[in-house]
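Accompanying notes for the structure given below.
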Amino acid sequence: MAYSKLLQVHFLFLLLCISICFVMRNVSISVSLPPTRRVGQLDKVAEGLSNAGYKAMARVIRSTFPTLLEEHNFNKSSVMTIFCPTDYAFVGREQPPSLGLLEYHVVPWKLEKEDLESLIPVGSEIDTLLHGRPLVVRRCERAYSLSALLNDVKIKKWNVYNDGNVIVHGVCQFFNPSFDTSRYHRCLFVDC
């Protein structure tokens with residue numbers, strides 16, 4: 001009797017092992033490796049920003065952007081445009097910008113100078129990584145030059161960094177997520 005119980009337990013154990021092997025055969029296991037390529041790319045972006053005088057945002061790129069990119073499933077071949085506030089825009093901030101505010105400064109595709117100065121119609125909304133908070137394209141003519149504005153913030157410097165996948169344009173200040181995109185704004189921006 002004891003022998004038969006032992007045989008049944010071994011048989012059940014064998015069946016369990018076979019079942020587990022069968023299930024594991026049909027399950028794919030994904031191992032998440034550290035995003036070294038992406039981090040390396042961010043180091044290049046940060047270095048380019050730092051060399052161009054955008055040192056505060058360079059620190060933010062190194063510290064916060066790996067989390068932002070991971071949350072939005074960016075990979076090494078993803079394209080994006082980052083709008084980078086000047087160092088002066090960081091003055092008086094007690095803490096680094098929130099992840100939400102940073103998401104508002106990233107567009108998940110390439111936006112070149114020509115796109116914003118002439119191709120994209122005035123009043124168009126450009127989606128950002130901050131869901132439901134687009135940037136609105138405006139243009140102002142001042143002293144015989146055309147300035148592209150996003151949410152009434154002037155683009156100060158084009159192509160601070162551009163490696164073909166990541167483009168960074170310098171802007172005078174942080175975009176305001178509370179910006180009212182429904183009403184027309186006149187060209188009342190402050191030069192930076």
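Within the range 36-59, the set of residues being open to solvent by 10 Å² or more (accessible area, probe 1.4 Å), closer than 23 Å to C172 by Cα and within 13 Å of the chain's Cα centre (by Cα) comprises just one member, L42.
From the list F83, F65, the one residue that fits, being touching a His at 6+ places or on another chain (Cβ under 6 Å) and open to solvent by less than 20 Å² (accessible area, probe 1.4 Å), is F83.
Checked against (1) in a loop (DSSP other than H, G, I, E, B); (2) at pLDDT 90 or above; (3) surrounded by fewer than 18 Cβ atoms within 10 Å (Cβ to Cβ); (4) not hydroxyl-bearing (S, T, Y), G123 passes all but a single condition, namely (2).
The residues of the range 89-117 that are in a helix (DSSP H, G or I), over 19 Å from G48 (Cβ atoms) and either touching a residue at least 40 places away in the same chain (Cβ under 8 Å) or in contact with a strand residue (DSSP E or B) (Cβ under 8 Å, 6 or more places away or on another chain) (or both), listed by number, are G100, L101, L116, E117.
The values are calculated or read from the model by the stated rules, or taken from the named source; none is laboratory data. Since the structure is predicted, the reported quantities are computational estimates derived from the model, not experimental observations. When we count neighbours, we look across all protein chains shown, and the Cβ atoms used for this are built from the backbone with ideal geometry, even at glycine. All accessible areas refer to the heavy atoms of the entire protein, side chains included, with ligands and DNA or RNA removed. Shrake-Rupley method; radii C 1.70, N 1.55, O 1.52, S 1.80 Å.
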